[in-house]
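Presented below is the structure to which this report refers.
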């Protein structure tokens with residue numbers, strides 16, 4: 001065989017095995033973890049403001065046995081220092097460089113919770129009232 005033929009045969013053989021290698025790699029990859037899908041609501045109010053902001057609803061996928069509290073990426077919020085004490089979960093939150101807060105939720109049963117986050121900022125104190133209801137399962141991604 002000519003050199004050119006050997007190269008073509010080698011390239012053909014390599015390309016023939018690529019789909020097999022990908023399939024084997026995918027088989028070895030861990031399956032996405034099952035989590036709990038929560039329907040959450042929050043309503044923010046500010047001290048001294050004449051009325052509360054509208055209720056915000058969203059769905060959150062949380063790992064099993066973890067609180068369904070998501071960080072607010074729009075406002076650069078992060079959550080930390082989670083503590084669990086019986087049916088209560090508490091944490092700290094920080095949004096940018098000028099707003100901090102402490103949150104707490106209490107599970108009223110396995111599928112429902114109520115709670116609040118109390119924020120402080122240069123603009124004043126704010127409170128977000130929270131409720132949540134477990135509505136099913138979901139696949140936790142990127143965790």
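Length, then width, then depth: along the principal axes, the Cα atoms of region 33-140 run 40, 27, 26 Å. Fully extending the segment from residue 85 to residue 114 would add 8.9 nm, taking 0.36 nm per residue of separation and subtracting the current Cα-Cα distance. Peptides 115-123, 45-53, 77-85, ordered by how many other C-beta atoms sit within 10 Å of their residues on average, highest first, read 115-123, 77-85, 45-53. Sorting 88-99, 55-66 by their mean Cβ neighbour count within 10 Å, with the most densely packed peptide first, gives 88-99, 55-66. Can you work out the PRE-style zone for residue 59? Point 7 Å along Cα to Cβ, and I want the residues of region 123-143 with backbone N under 15 Å. Output list for this probe position: 133-141.
Any read-out appearing in this document is the output of simple, stated calculations on the displayed coordinates, not a laboratory observation. Here the structure is a predicted model, which means the values were calculated and not measured. Note that each Cβ is placed from the backbone with ideal geometry, even for glycine, and that neighbours are counted across all protein chains shown.
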